[in-house]
Each structure stands twice: as structure tokens, then as C-alpha cells.
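See structure below.
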Amino acid sequence: MRIDEILASADEPVFSFEFFPPKTDGGWENLRAALQELRAFEPDFASVTYGAGGSTRNRTLEVTKWLKQELGIEAMAHLSCVGATREELDEILDQIGGAGIENVLALRGDPPRGEAEWKPHPGGLHYSTELAMLIAARRTFGIGAACFPEVHPDAPDLAHDLRFLKEKVDAGASFLITQLFFDNEFYFGFVEEARSAGVEVPILPGIMPITDVGQIKTITGMCGATIPAALLEQLERRAGDPDAVLQLGVSYATLQCAELLARGAPGIHFYTLNRSPATRAILSALKLLRPWVRREVVRTA
């Protein structure tokens, strides 16, 4: 089922998970274990990332097929413009469609490892908007796209970022998933600005539970997200105690998600990092408390 159809027909918030293709045997075991645990929550869909420079192209399709065909989870394959010609992208879409996968997340992609700047592949596409148009021409896929509550790192300002986002939606993107963030006002402010710019599709907040201080500093440094000063201070106080970091990260993300849902977010997309305990704990609490029942009358997302 297409994810835009899932969102349109949902009576309650949509919950989804993001995984990445493992590179080692141990990584595959971690992923299998996480899927076994999280599958019980009956996610509305799961997505599989596409490595920098297209480095995990084949494994992305392999994991996505596994989710869809063997585990019965609606799946979305990430696809980027990096490292492929237009013809090669068409071939990949043939493979995705041939596997029964109905959803694609259209991304520009990150530069290959060791390269600081984005460079389009000769004969390829320059922007995610072009990729969305290529996918939309087939009329068979639900198309997702990324958005950035704290502004895309390459955008000069929010106005430019929103104009480009509107172009992606006009090109065929029918739902959006945000980059991770830790201050909900970034999300609600971004949604308000996006609506004013004519972006009307659902905007799912992307949430990454903090489980390791060094890791989250690296991730936010790469994507341009910020950690609120008070949260960072508390994390650094616990840096030598991994269990305490995990407890704080789970507690913070649970409160963050509860507020998002109570104020009208259409669901939560969890960046799992192929681990289940934190996401499992957060989602268990959310399904028990059902904060969306108390959401505001005016839907904001």
C-alpha cells in the first residue's frame, strides 16, 4: 500500500521505523533482532536507507524486499541521485517495482565518503526534485521526500529551502519526513511556514532517541541539527554512564513524541539505528498513554 494512502486513511497516528543495510554478519544479527522486537508493534511502514554515494544500493533493495515479502511490513526504499545515471536510476526503479515495493523516498543524497562537496554524476540527476519527477512519471509509487525543520545545510535561508520543498511536492512527493530534531518548536514552526508556502502534504516528524553522547554529537554535526543546551548539559554529565544516557534519551524522546502527537503531528518516524530497546520503550509508553487523544482541535501537520 502506498504511504500517502496509509496517511490519508489513518484514524490514529502513523508509526514507522527507519533501518540501514548492515555491512557485517554482526550487523545483520542486530537488524534481525531489532525487527523481531519491533515487528510486534505492527508498524505502518518501515524504510531502508541508501548509503553515501549509493554504497549500499543492492543491500537497500535486499532489506526492503525482506521487510515487504517475508515480514509483511509495508516498506519504502530510499533512492538518491548519487553515483548513478538516469538510465541506472530507471533500472533500480524497475527492480523496486518488480519486488512489489510501492514506496520510494526521493533524495539528492550525500557525497561519497571522502568527498566534501556534492557533485552530480555525469548523465545523472542534480536534485531530489528531478528524481521525484522521474519516479512520478511511472505513476506507480508513493513518493516521499525529506525536509529540514532547522533548514537544509546547503540552503541560504528558510525561504529558499521552502521554495525548493514546494518544488519537490509539485514534482510528485506526496508526504514528507523531517530530519531529526530535539526542540519541537522547530517542527511546529516549520510546519506553519511550510503551509504558508503552499506545502499541504503530511509532514512526519523524524525522531532519533539518544543512546550515546558521542554518536549523537557526530550525527547532529553532519546533518546540521542542534541539541538544546540544557539537554546537552545533562547528557554530558552522564557521558561516563551509558545506562544513564540511555535512560535520559528514552525519557526525553518519549516526552518529545507525546507533545508532538498531542499537538497534531500525523505520526512519528523513528530513526532506530538498527536497535530496538529505545524505540520499543518509547512506543510502548505512547501506545499506553495515547497522547493524541488530547490533541488540539486544529490539526497542525
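The values are calculated or read from the model by the stated rules, or taken from the named source; none is laboratory data. Owing to the predicted nature of the structure, the values given are computational and were not obtained by experimental measurement. Quick reminder, even Gly has a Cβ in these numbers, built from the backbone with ideal geometry, and neighbours come from all protein chains shown. Quick note on the areas: whole protein, heavy atoms, side chains included, nothing else; ligands and nucleic acids left out. Shrake-Rupley method; radii C 1.70, N 1.55, O 1.52, S 1.80 Å.
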Cut-off 13 Å between beta-carbons: net charge of the residues surrounding ASN184, Lys and Arg +1, Asp and Glu -1
-4
Please arrange VAL245, VAL293, VAL250 by accessible surface area, largest first, computed with a 1.4 Å probe and ligands excluded.
VAL293, VAL250, VAL245
In nm, give the distance between the simple-model label positions of GLU185 and ASP241, each being 7 Å from the Cα along the Cα-to-Cβ direction.
3.0 nm
Amide H neighbours of MET76 at under 5 Å, excluding residues fewer than 5 places away on the same chain, with H built from the backbone geometry, are ALA46, SER47, VAL48
How many nm separate the modelled label positions at PHE41 and ARG195, each set 7 Å beyond the Cα in the direction of the Cβ?
2.7 nm
Just to confirm a number: summing +1 for Lys and Arg and -1 for Asp and Glu over residues other than ARG275 whose beta-carbon lies under 13 angstrom from that of ARG275, what do you get?
-2
From the helices alone, meaning DSSP H stretches of at least four residues, give me the mean residue ellipticity at 222 nm for the chain, per-run term -39500 (n - 2.57), in deg cm²/dmol to the nearest 500.
-14000 deg cm²/dmol
Given R₀ = 30 Å, what would the calculated FRET efficiency be for ALA33 paired with ALA8, taking r from the Cβ atoms and rounding to 0.05?
0.35
Compute the FRET efficiency between GLU87 and ILE219 as 1/(1 + (r/R0)^6), taking r as their Cβ-Cβ distance and R0 = 30 Å, and round to the nearest 0.05.
0.35
Which label marks the calculated value of Cα extents along the principal axes in Å, given the options [x] 50, 47, 39; [y] 79, 45, 39; [z] 70, 46, 29?
[x]
Amide H of GLY267 versus every other amide H placed in the peptide plane: which residues, excluding those fewer than 5 positions away on the same chain, fall under 5 Å?
VAL14
Pick out which of ASP243, ASP157, ASP25 has the largest mean-square fluctuation in a Gaussian network model of the chain, springs linking Cα atoms closer than 10 Å.
ASP25
Largest fluctuation, SER196, SER251, SER47 only, Gaussian network model of the chain with Cα springs under 10 angstrom, belongs to SER196
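Under the rule that an exposed site lies in a DSSP loop and has at most 10 other Cβ atoms within 10 Å, name the longest stretch of the chain with no GluC sites (Glu not before Pro) of that kind, not counting the sites themselves.
Values: sites that count: GLU117, GLU200, GLU296.
Counting only loop sites that pass the neighbour cut-off, the longest clear stretch is 1-116.
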